[in-house]
Structure formats: C-alpha cells, structure tokens
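The values are calculated or read from the model by the stated rules, or taken from the named source; none is laboratory data. If you're wondering where the values come from, they're calculated on a predicted model, not measured in any experiment. Quick reminder, even Gly has a Cβ in these numbers, built from the backbone with ideal geometry, and neighbours come from all protein chains shown. Heads up: the accessible areas ignore ligands, DNA and RNA and are worked out on the full protein's heavy atoms, side chains in. Shrake-Rupley method; radii C 1.70, N 1.55, O 1.52, S 1.80 Å.
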Amino acid sequence: MRNWKPTVVTFILVVASSFGVFIMFGSQLALGTIVGGNISVDTTWVVGGNPYIVMENVIVDPGITLTIDPGVQVKFDPPGVHGYLNIFVEGTLISVGQTGLLVNFTSNGGSPVNDWGQIQVNNTGTAEVRNSTFSHGYGIVLSSASTHNITQNSFSWYAGVETRTPGHNITNNMFSNNGHIDLVSSNNSVSQNDIQGEGIAVWSPGNLIIGNDVDGSGAVSRLIGVYSTGNMVSGNRVTDDGDDTGIEVSGEGNIISENSVSGAKQGIDVTSFDNVTVVGNVLTNCSIGIETSLTDGHELLRNNVTGGSFGILLAASNWNLVVGNEISMATSYGISVRGSAGNRIYHNVLLYNGVQAEDDRTSNAWDDGYPSGGNYWSDYGGNDTKGGPLQDIPGSDGIGDTPYSIATNRTDRYPLTEPTLGNLPPRDLDAYLSGWDYENVTIAWNISWNDGQRANDVSGYEIYRAVTYDKDRIGYSLLGSTPNQTREFVDVSSGEGDPSNYFYYVCAVNGTGNLSCSAGQVGKYTKTLLMGPNLASIPLVQLNDDIEKVLQTVSFDMAWSYDSQIQEWTSYVKTKPYSKGLRRLNHTMGFWVNVTAASNLTVAGKVSKEVHIRLAPGWNLIGFPSFTTISLGDMQQDAPILRGEAFDPVGDPYHLLHMMESETMLPGEGFWLLSSSEGMVTLRN
C-alpha cells in the first residue's frame, strides 16, 4: 500500500488469521486509498496512502488495533447509499499525531457542511486520540466501558465529543466553529479546553467542568448548560457578545463556583430545579448578572457583579440565601426581588447602582438580625453613634442607627456602615436522634464556604436553641460552640425522654466575633401516644423516612394511611411487612398507628420552609408540618375545604371529632379534610 503509481489498480484482499477470514475491498489510486468494511487484522494507515477515503462504515473488530500514523488524512464521503459514514471501534484505535503532522479526520465533499458521522468507541473498544483534528462531522462518541483521555485535539465545523459512558477525561482540546462537548453520561472531567461555538452541555450527574475558556461569539442560547444534578462548574472563563446565557443551570444540587462571565445576556441563569449553590463567581457587563426563576432554595454567595442592567434578579424564586455578594454599577437594579418570598439577603455590598434594590413582597429579610447586621449601601445617609438591637445604646457598633428603606414596609433594619463581606453561613443543616436509646439530638451541617475552602476566616460555629419556634429567631439562646472544620454538635439528653420540643440554628463565627447563620432551622419534636389507635403526623422533614426509622421510639404493631390521589388505604404490619405496603412516612402525610404500650413519638429533622399538600375531591388524610399557628378557618380561605375532622381518643367508634372553624391546627397531628374539588394546602414556617 505504498508508492502508488498514477494508475488505478482494483484489488480484493483476502486475509486469514486467528480471528477468521475477512475481505477488504479498495482501490489503489493516485489520489489515495479507499477504505470500508471490517478490519479483522492489526492494520496501520500510513502517510503514503493519503488520503484514506471512507466510502462505507469502517468497523475495527474486537481484539484488533487500527493505528493511524502522524500526518494521515482520513476523509469521509458525504451521505449517500450508506448514510452518514462512521468508524466503529470494537477493538483499539490509536490516532496520535505530532506537531506539524496531525492526524486529520474530515469530509471528502466539495462543499462540506456536516458530512460524516462519528468515530464511535463502543463497549469493548478503546481509543488513544491525541494531536488529531476533526471537522465537518460529528466527531468522537465514547460508548466504551474503558476510561479515555481525549487531549490535545482540534474540533471544528460541527465536530466535537460526546460521552455515553462514565469516567472520561476531555482536556486541552480546541473547539471552534460550532465545535461542542456533550456529556450524556456521569462522572466525566472536562478541563482546560478552548471552546468557541456551541460550548458544553451536561445531561448527566457528577461531572466536573473546570478551567475551560468558552467564547460565545456566534453561539446559540447558552455557552455552558447544566441539565442534570450534582455537577461542579468551576474556574471557567466565559465571554460573549451579549446574545447568550453564560452558564445555564437546570438541575438540583449543582455547584457553580469561581467562574468569570463577561458580556452575556444572562451571566448565570438558574431555572427549573432547586438547591443550586452559586459561589465566588465574577460577572462583568452581563445584562443580568445572576438570575433565579421559578425555583427555590438556592445559595448565592460571595459573587462579584459589575455593570449590566440587573445585578441579581430573583423572579418567582423563594427561600434563597443571598449573602456576601458585591454588586456595583448596575444601571437598573442592584438586587431585584420580584414575586419571591422568604428570601434572606444580608452582608452584601451594593455600590452605585441605578436603584440599589427593589422588593414587591413583605416576607423577605434584608438583614440577619442584630448583631450580625444587614447590607452595606453606598447611598446610606445615616449615622452610627449608637448600638444595640434598638440602636439606642450610646457608642458605635458598625451598624447604622436608622434603617435603610428599600420599599414601603421593606427595610434593612441594620445597615452596615463599612463594606465588609463577613462570613458565609454553614450549609445543609439537618438533625437526627442519636444515642443508644435515641436520647440525644445531633445537629449536622456542611461547613461554611469560608472554612478552609475559600478565605479561611471562620474560627468556629455557634449553636442556638429555643423551645418555641420563631422564624425571626427571637428568644433563642446560645447552646454551645465548636471549632472550625467541625460538622456536628450533640445536644445531650434532649432527645427521647425529654418532653420539650427544641429548635436550632447554627452560625459561622469569624475572628472578630461576627456571625453568619444558617438559612434554615432544624428541630426535635415529641408527643405522647396512648395505647390503641392514634392519628398523628411527622412535623419535621426526615433524613430517612423509612417507617421503622421514623417510628423508632414507638411501640406499635400496625400503621395505616389513606392516599386520596389513588383513593386507597396502605398499611404496615410489623409481623407481615410487604413491599407494596406503607413503607415510608413523610411530613405531608397523616397516618394511624396502633400503639401497644404508651410511647413517645419523638423525631428530629428539618423545619420545612414551605409545604404544598395536594387535595383530591372527597376526603384527604394529611399531616400538619407547620409550627405557625393557623385555624381550620384560615386554611379554608385558600383551599376548597368543606369540613375538617381531628383525632379524639375517646370518640367512638372512629376516634374522630368534627372541627369548628376557629379550632387551631397543631403540628404532629393528623387531620381529615373534606374537599369539594382539587386544591392545594400551603403551609409555611
């Protein structure tokens, strides 16, 4: 296959080997070598055979190696009888070029657009691809069980890399003119690539997108898109011409950290799913720096937003934590809160924005209480000559003596007089019963972003407790403290056996004593159950909602509940558990439990921020996971409830009593509600 003469020699080559017999057809041309079909013996494509023209699919059989030498050109005929042409690797492909002698995969068409399929490495296949170029086709698809390193290659004119199996590394490649990376599998790493075009799309969990340069000139829609859960996007540099979204996130539990985004229509856009962390990013001259919409429970921490129209926009987005951000020179609003409730916004620095902030709801908190304080506002005109929660004690305390007005009935009660960002709070607060007899309450959290991971200015954590829940944390006292890098605290002898309810929150403390406190609260709840049937519910969100775990402090032989959506009873009998029975108890459910000896129902878990419970026409058995006092009549204002019934331990024969509209709903109780139509009960803490 070397030293071709300028004549055509048509041949049929029959080769016998331990893998069997295969036939390869081809033509020996002055213009190159025609290839196609199965490769069943180890084969090398050499420069002397250039170009190799693929006229039908090439299949590298299992156990066989195809080596493509530096400088080889592989050209795929445009779609014809065989459709888009591919190289399928069931064995091994080695395509390793050299500087000045790259391996080139491209189209054989006269006016190529997107003319060929892909190099697909299938389950049994492996590939080493380095110093190779791909253009005018789909590129590389990794469907192999082996880990691959795709590095130092160039992809252009629609060519890119797609992963369909986990564990691959894509690093130090160039992508241009609609080049792309698509992660359809989990646990891949994409790092240090230079991308101009369609960018990176993440469709599966657990991927790392780190240190890439992404240029959006001419791209469509978004530059980095994350459409699954639990991914990390960190240290990327994204630039755009104003038409696209820099980083789009539509998946729960993703972390977007320390990226720089400039010139995008939206710098970081979080939509569709909850609980995303956006921390330490720099956004410059984006129309909207950071936007969360139609989603809840995000953490926006220590970001720097400069220029554009909006710094941070919360649109129909609730229960977010917005802490430690610096927002400057936004022409419209520094922070805009629209149709959003329950957000906590403090320790931010707002400098010279058109309007510093707007808020069309009254339930958002613009400070963290005293002495933690609120935000720094460059246009605040008050003094700092007094201190204390009421700012009536002589002596300055770094907090303005008068509130900063945001809108009617919306103020920062404790505006900061110096632009300090302070700590970031502990994250993911939870609680559970511990000890041999469940006698303790363990409060657990993930450490602050400042604690050893960013600026290491957290000296420890303080745990606060009260016996009565208060959303503004009034009446809580210091229970204990831990050093930095700790993740839990045990409240000894406060669990099973202690008749009190408890509520907790945790604060990160820096060297000067400033606090930054957890967004949510956790609690321990207990109630006495009498022998016989009891109607109850679990008012705290459980880390593990298995029925045996939830009812671990109760002596019982049977539990049962009614699912109004399917109009069926489900039950759990200790002596005869079965898979389709009542296996889980969550905080929205009411349930009956038959108690065999007087017991306490004691649980620990998260205090829910907001809970929505669907009602079906007819009777519904619901729980009441709220520590905010409301009556049945209050609930009837917002839901189509005709009648309510509550537990009566002496009421025969069903242990129920009719509720008056004025009767108070209590946490931990179960209730029957008769609904006239489909509806929704919304409960808040």
Filtered residue count, the stretch 501-539, keeping only those that are over 22 Å from Pro425 (Cα atoms) and part of a loop (DSSP other than H, G, I, E, B): 5
Every residue from the stretch 526-564 that is within 21 Å of Leu666 (Cα to Cα), among the hydrophobic types (A, V, I, L, M, F, W, C) and out of contact with any His (no Cβ under 6 Å at 6 or more places or on another chain): Leu529, Leu530, Met531, Leu535, Ala536, Leu540, Val550, Leu551, Val554, Ala559, Trp560
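Please find, within the stretch 271-307, the residue that is nearest to Lys609 (Cα to Cα) out of those that are of a type in the set (S, T, N, Q) and open to solvent by less than 10 Å² (accessible area, probe 1.4 Å). Steps first, please.
Restricting attention to the stretch 271-307, the residues satisfying the condition of being of a type in the set (S, T, N, Q) are 271-272, 275, 277, 281, 284-285, 287, 292-293, 295, 303-304, 306.
Keeping just the survivors that are open to solvent by less than 10 Å² (accessible area, probe 1.4 Å) gives 281, 292, 295, 303.
Working: Asn281: 27, Thr292: 18, Thr295: 14, Asn303: 25 Å.
Only one residue fits best here, namely Thr295.
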As an exercise: evaluate Thr385 against (1) in contact (Cβ under 8 Å) with a residue 24 or more places away in the chain; (2) polar (S, T, N, Q); (3) open to solvent by 10 Å² or more (accessible area, probe 1.4 Å) and give the number of the one condition it does not meet. (1)
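Output the number of residues of the stretch 140-155 satisfying the condition of being open to solvent by less than 10 Å² (accessible area, probe 1.4 Å) and either of a type in the set (Phe, Trp, Tyr) or under 13 Å from Asn104 (Cβ atoms) (or both). Can you show your working first?
Here is the first cut: in the stretch 140-155, the ones open to solvent by less than 10 Å² (accessible area, probe 1.4 Å) are 140-142, 144, 148, 150, 153, 155.
Checking the rest, the ones that are also either of a type in the set (Phe, Trp, Tyr) or under 13 Å from Asn104 (Cβ atoms) (or both) come to 153, 155.
Summing the residues that are open to solvent by less than 10 Å² (accessible area, probe 1.4 Å) and either of a type in the set (Phe, Trp, Tyr) or under 13 Å from Asn104 (Cβ atoms) (or both) in the stretch 140-155 gives 2.
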Among the residues of the stretch 195-206, are any modelled with pLDDT of 90 or more and farther than 25 Å from Gly253 by Cβ? no
Every residue from the stretch 388-397 that is surrounded by 17 or more Cβ atoms within 10 Å (Cβ to Cβ) and at pLDDT below 90: Asp397
Can you spot a residue in the stretch 413-426 that is open to solvent by 40 Å² or more (accessible area, probe 1.4 Å) and part of a strand (DSSP E or B)? no
Is one or more of the residues making up the stretch 576-589 open to solvent by less than 20 Å² (accessible area, probe 1.4 Å), touching a residue at least 40 places away in the same chain (Cβ under 8 Å) and farther than 18 Å from Tyr562 by Cβ? no
Considering only the stretch 215-241, how many residues are at pLDDT 90 or above and open to solvent by less than 50 Å² (accessible area, probe 1.4 Å)? 11
Expected output for the stretch 69-84 (first residue under 15 Å from Ser135 (Cβ atoms) and of a type in the set (Lys, Arg), partner open to solvent by 50 Å² or more (accessible area, probe 1.4 Å) and in a loop (DSSP other than H, G, I, E, B), Cβ below 7 Å, 6+ apart or cross-chain) is Lys75/Asn108
Pairs, please: C-beta under 7 Å, at least 6 apart or cross-chain, first residue within 15 Å of Gly324 (Cα to Cα) and among the hydrophobic types (A, V, I, L, M, F, W, C) and in the stretch 349-363, second open to solvent by 40 Å² or more (accessible area, probe 1.4 Å) and part of a loop (DSSP other than H, G, I, E, B)? Val349/Pro419; Val349/Leu421
Leu551 passes all but one of (1) among the hydrophobic types (A, V, I, L, M, F, W, C); (2) surrounded by 22 or more Cβ atoms within 10 Å (Cβ to Cβ); (3) closer than 26 Å to Gly297 by Cα; which number fails? (3)
Here is a check on your reading of the model: is Ile268 surrounded by 21 or more Cβ atoms within 10 Å (Cβ to Cβ), hydrophobic (A, V, I, L, M, F, W, C) and on the phi < 0 side of the Ramachandran plot? yes
